[in-house]
1. Go through (1) in contact with a strand residue (DSSP E or B) (Cβ under 6 Å, 6 or more places away or on another chain); (2) open to solvent by 40 Å² or more (accessible area, probe 1.4 Å); (3) of a type outside the set (D, E, K, R); (4) part of a helix (DSSP H, G or I) one by one and return the number of the condition residue 3 breaks.
2. With respect to the numbered conditions (1) open to solvent by less than 10 Å² (accessible area, probe 1.4 Å); (2) assigned to a loop (DSSP other than H, G, I, E, B), which one is the sole condition not fulfilled by residue 325?
3. Just to be sure, is residue 447 acidic (Asp, Glu), under 17 Å from the mean Cα position of the chain (by Cα), under 28 Å from residue 265 (Cβ atoms) and buried (at least 21 other Cβ atoms within 10 Å of the Cβ)?
4. Please pick out the residue among 275, 291 that is among the hydrophobic types (A, V, I, L, M, F, W, C), in contact with a His (Cβ under 7 Å, 6 or more places away or on another chain) and farther than 24 Å from residue 417 by Cβ.
5. When only residues in segment 332-357 that are within 21 Å of residue 413 (Cα to Cα) and assigned to a helix (DSSP H, G or I) count, which is most open to solvent (accessible area, probe 1.4 Å)?
6. Select from segment 376-391 the residues that are outside any helix (DSSP H, G or I) and either hydroxyl-bearing (Ser, Thr, Tyr) or surrounded by 23 or more Cβ atoms within 10 Å (Cβ to Cβ) (or both) and list them in ascending order.
7. Taking only pairs six or more apart or across chains, which ones have beta-carbon atoms under 8 Å, a first residue in segment 11-28 that is within 13 Å of residue 67 (Cβ to Cβ) and open to solvent by less than 30 Å² (accessible area, probe 1.4 Å), and a second residue that is part of a helix (DSSP H, G or I) and of a type in the set (A, V, I, L, M)?
8. For segment 151-163, give me each residue that is buried (at least 21 other Cβ atoms within 10 Å of the Cβ) and of a type outside the set (Ser, Thr, Tyr).
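The values are calculated or read from the model by the stated rules, or taken from the named source; none is laboratory data. Bear in mind the structure is a predicted one, so any value in this text is a computation, not a measurement. Here Cβ is always computed from backbone atoms with ideal geometry, including for glycine, and neighbour counts include all displayed protein chains. Please note that ligands, DNA and RNA were not included when accessible areas were found on the heavy atoms of the full protein model with its side chains. Shrake-Rupley method; radii C 1.70, N 1.55, O 1.52, S 1.80 Å.
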Amino acid sequence: MRTAHRVETVRAAEAALMARLPEGALMQRAAAGLAAACCSLLGKGRVYGARVALLVGSGDNGGDALYAGARLARRGAGVTAVLLGDRAHEGGLAALRAAGGRVVDSAHDDPFEPLAAADLVLDGITGIGGRGGLRPDAVPVARAARGSDAVVVAVDLPSGVDADTGEVAGEALRADVTVTFGTYKPGLLVDPARSYAGALRLVDIGLGGELPGVADLEALQHQDVARLLPVPAAESDKYRRGVLGVVAGSARYPGAAVLAVEGALRGGAGAVRYVGPAADAVIAAHPETLVHPGPPDRAGRVQAWVVGPGLGDEPGVAEVLASDVPVLVDADGLRGLDPALVRARSAPTVLTPHAGEAAALLGATREEVEAGRLAAVRELAARFGATVLLKGSTTLVCGPVTEAGRAAGGAVRVNPTGTGWLATAGSGDVLSGLAGSLLAAGLRPVDAASCAAYLHGLAARRVSGGGPVTAGDVAGALGGAWRDVTAGL
């Protein structure tokens, strides 16, 4: 599992570790890992004679860059440090000069000349404590670095992005690679900052024993999902597998019901009971579905409900929320949803909005939600007392937020799979059915939502191959994605 920690947590862990190490040892560990990453990026045999530019701010981030630059200079690289702050790390400067590196002060010298010929640029302008984008005087240099032919490597975090939230409040320097130390930072995994980070490389500097057991953010990997997915036993029947009820579709949107049911069936549901006006379309596509004219409480026994995809103005949301089993609410079911109604439920609730639906629930704009995705998912989870899966370029899953401000059950989860081609009509309906089937199988709401997002994104990548996909394509690829994940068990 990939985990990320907030700046406050990282600072505390670093302080505890530094108290047991010789002075400067932690920075040397970071610099050694950073230099090694740069060598691999330059390529075997290409360090000697390579031209490296360091963009150096006034903090420890700049010190990391300077010490790494000194190591590269000792291996024969031509290294120039461009000083952008009112001061620079003294030890790092001395080490670079001793190794034969050159220093340029942007206040008095031309800062652009070293960038024009650079093969690699190290961004050490601001570190994890930076807020609010780049300072105005650093912007022209950052733009020149990005406009050069050099590989841009961010030191710990791209300068100008927020380490804790993933927000980008001003101009930031987009990296090709980010080399981060000790642990990932939330901003490296959450858009919009994630798109500035490029490829991620984690350098172990020994923080593991100092970090808390529960991270602030986590991203599941194949083995994590495989351990959570249900496996039917020899004695399983459809109820042990999980029966999902689906209230979806309308005369205008019958396809939403078809896709939600397909997502559930391909997600391992023992059976699916469908309630709604699209029964003919559902039966034509999936004859194994159990259909009922309604209302939901008369449809028969279920272990979870999905309500909302393509529902339009059809009834059903209130009736489903009155049940005593887990409920997933999506799409039209979210419109005008009353937080008090959700909070009063005895059984878990999962909400799966996209940014526009989240904005409507929060009384915000879509742009505000997309710019602050972590804050939005936490606020929704707190307001509704529900697990929230916020869909988008970075899909986040947050359990109900406690009064202490933490997600119940652990860290917020960020989904690492997916593709931009998933932004297509009906893909969310498939996701709803898939997540609902995992709820019916007995998974915790956070696990059901995050495993569904993982498989959904993996299926899309699997079938896309870099090209367009339809929601039906994604649904059809879920079985293959499931097998890929569980192949190592």
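1. (4)
2. It fails just one condition, (1).
3. Judged against the criteria, residue 447 is a match.
4. When all the criteria are applied, what remains is 275.
5. 357
6. 386, 387, 388, 389, 390, 391 - these are the residues of segment 376-391 that are outside any helix (DSSP H, G or I) and either hydroxyl-bearing (Ser, Thr, Tyr) or surrounded by 23 or more Cβ atoms within 10 Å (Cβ to Cβ) (or both).
7. 25/18; 26/17; 26/18
8. Scanning segment 151-163 gives 152, 153, 154, 155, 156, 157, 158, 160, 161, 162, 163.
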